[in-house]
Amino acid sequence: MSASDTAGLKVTLYKRCLRDMDDNGIAASGSNAIICPLCWKEARLDELTIEHVIPGSVGGTLKTLTCKKCNNDQGSRIDSHLSNYMRTQDRFSGNKPMKAKMTVAGYPTSVDIDWLKGRKDIRIIGQATNPKNSLAIQRLFSEGKNPPLEFTIPYGFSDDGIRLAILRCAYLSVLSTSGYSLLINPAMGKIRGRFHDPDLKVPCIRPLTVFVKGMKEEVGDYQHCYCNGHVDRVPFLFVLLFLRTSVTKCVGAFLPMPSDASDTFFELMGQVEKENTSLSIVAASGNWLCFPAALSKNR
């Protein structure tokens, strides 16, 4: 995208945010400011940046506006977990080599591992390994010895980090398709708090996020899908996200919907996870609201 196209898109998104704020009774003290959807602070046009709802590194094309600080800080601290997770999935699928550290009988090396079906091919990276170690390892195997192998694989992500990134993508996807209307829910404010303060433990992220397995139907070029549901009659919105590199993975997040009981949403979701009970998702397959990439980009 050219600089002029980027500037034009930024102005288009900015005007859309202004209209949407007005529709939802949200006011900023500055006449040319909008509310950043992530930190809920005012930001002028020159303080805003275009941000991918789903990181571009995992196939995201849908864009929205956030302030520079939120984009920069959270991109490196939160979104990087999702990018590294999908990069690892590529490696485990055998599409790209996995870089790792291998120690053979006390000799450290850097290696590429091809994760192939039924076997794993390991190659020492000569430029990243001490030549003396490579020669010593070759000598051990040429002598018919079978030394122990120890591997260290730097994944670059954590389970909590991935789940927070999934929740953030789901939150931004709601903004991109529904505007501020669902974000003014006080329960959503608690979710925003988790994006900004890594020391916060409440609300717990784990019950709100899922890794979806076994989806066999064709998902086309959908960026995300929505479905309404409830837990003990407290409504939620389930957001299904499609992450794409050389493989496609489906993840999802439960977000609170505005209601008189929304303040109990997080407690109920925690109980569901603890008790391993099922959720009552009130939607048949035909009631999914899906957003292809082309539609999402041009909203």
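The values are calculated or read from the model by the stated rules, or taken from the named source; none is laboratory data. Just so it is clear, the structure is predicted and the values come from calculations on it, not from any experiment. Note that each Cβ is placed from the backbone with ideal geometry, even for glycine, and that neighbours are counted across all protein chains shown.
Of the residues that sit in region 115-145 and are in a loop (DSSP other than H, G, I, E, B) and on the phi < 0 side of the Ramachandran plot, which one is surrounded by the most Cβ atoms within 10 Å (Cβ to Cβ)? Talk me through it step by step, then tell me what you get.
So the first thing to find is which residues in region 115-145 are in a loop (DSSP other than H, G, I, E, B), and the list is 117-118, 125, 129-130, 143-145.
From the residues that got through so far, the ones that are on the phi < 0 side of the Ramachandran plot too are 117, 125, 129-130, 143, 145.
Working: Lys117: 6, Ile125: 15, Thr129: 18, Asn130: 13, Glu143: 7, Lys145: 10.
Ranking the qualifying residues of region 115-145, first place goes to Thr129.
If you go through region 275-294, how many residues are assigned to a strand (DSSP E or B) and either modelled with pLDDT of 75 or more or crowded, with 18+ Cβ neighbours inside 10 Å (or both)?
Of the residues in region 275-294, 1 are assigned to a strand (DSSP E or B) and either modelled with pLDDT of 75 or more or crowded, with 18+ Cβ neighbours inside 10 Å (or both).
Which condition number in (1) closer than 30 Å to Ile122 by Cα; (2) surrounded by fewer than 16 Cβ atoms within 10 Å (Cβ to Cβ); (3) of a type in the set (A, V, I, L, M) is the one that Val212 fails?
Here Val212 meets the rest and fails (1).
Out of the strands (runs of 3 or more DSSP E) lying entirely within region 156-256, which hold 2 or more residues that are over 24 Å from Ser80 (Cβ atoms)? Give the derivation first.
On the way: elements: 209-212, 222-231, 234-244, 248-256.
Correct list: 222-231, 234-244.
Which residue pairs have Cβ atoms closer than 6 Å, lie 6 or more positions apart in sequence or on different chains, and pair a first residue in region 131-147 that is closer than 10 Å to Tyr107 by Cα with a second residue that is aliphatic (A, V, I, L, M)?
Ser134/Ile124; Ile137/Val104
Restricting to region 217-268, name every residue that is over 18 Å from Leu183 (Cβ atoms), free of Cβ contacts under 8 Å to residues at least 60 places away in the same chain and in contact with a Cys (Cβ under 6 Å, 6 or more places away or on another chain).
Of everything in region 217-268, just one residue is over 18 Å from Leu183 (Cβ atoms), free of Cβ contacts under 8 Å to residues at least 60 places away in the same chain and in contact with a Cys (Cβ under 6 Å, 6 or more places away or on another chain), namely Leu240.
Name the residues in region 1-42 that are at pLDDT 90 or above and within 24 Å of the chain's Cα centre (by Cα), would you?
Leu9, Lys10, Leu13, Tyr14, Cys17, Ile35, Cys36, Pro37, Leu38, Cys39, Trp40, Lys41 - these are the residues of region 1-42 that are at pLDDT 90 or above and within 24 Å of the chain's Cα centre (by Cα).
Restricting to region 88-104, name every residue that is out of contact with any Phe, Trp or Tyr (no Cβ under 6 Å at 6 or more places or on another chain), surrounded by fewer than 18 Cβ atoms within 10 Å (Cβ to Cβ) and not polar (S, T, N, Q).
Asp90, Lys96, Pro97, Lys99, Lys101
Suppose we filter region 264-274 for residues that are farther than 13 Å from Pro207 by Cα and either assigned to a strand (DSSP E or B) or in contact with a Lys or Arg (Cβ under 9 Å, 6 or more places away or on another chain) (or both); how many remain?
Count: 0.
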